[in-house]
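Every number here is computed from the coordinates shown, using simple stated rules; none is lab data. This is a predicted model, so every value here is computed, not measured. As a convention, Cβ positions derive from the backbone with ideal geometry for all residues, glycine included, and neighbour counts pool all protein chains shown.
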Amino acid sequence: MTNPLLLIVDDSKIARMMIAQFIRDLRPDWSLAEAASGDEALTMIASNPPAFVSLDVNMPGLSGLEAAGRIRLSHPAVRIVMCTANIQDAVRQTAEKAGVRFVGKPITPASIAQMVALFEEPTW
């Protein structure tokens, strides 16, 4: 069995670096890839679908929610967790119905541990 691939999508390089470091500490066997935008993520996923995607909500161009919707349509088995500081309940409920989970920012060891736990839940 190959190591699962996590695609980290965030327009902030610092955020991507922090998430990657915390993931390496928790799951050193996972493979990691990074994208700086929703559009870049979709291009990467088309050629190499990951097991997991960590998505920022607010990004220039394609938002995290838009990217999640497109990923879900083309790759329904990919597990998506959105990282956000604040999101309205209605948006969260809509996204959760589409199989997207949420973890709160700021990016900390605890929030990334929560993300990993969501990725690894047996039921999606």
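Hey, fewest Cβ within 10 Å first, where do THR43, THR123 land in order?
Placing the least packed residue first, the sequence is THR123, THR43.
Given the Cα-Cα distance of ARG92 and LEU73 and 0.36 nm per residue of separation, how much length would full extension add, in nm?
Additional length available on full extension: 5.0 nm.
How would you classify the chain from its alpha-carbon gyration tensor, with a ≥ b ≥ c the square roots of the eigenvalues: rounded for a/c under 1.5, else prolate if a/b is greater than b/c, otherwise oblate?
Since a/c stays below 1.5, the shape of the chain is classed as rounded.
For segment 44-102, what is Rg from Cα atoms divided by 2.2 N^0.38 Å, rounded to two decimals?
Scaled against compact globular proteins, the figure is 1.05.
Tally Lys and Arg at +1 and Asp and Glu at -1 over the other residues with C-beta under 11 Å from the C-beta of ARG16: what net charge comes out?
Once positives and negatives cancel, what remains is -3.
Long-range amide H contacts for GLU34: which residues qualify at under 5 Å (H placed 1.01 Å from N, peptide plane, sequence gap of 5 or more or a different chain)?
ILE8
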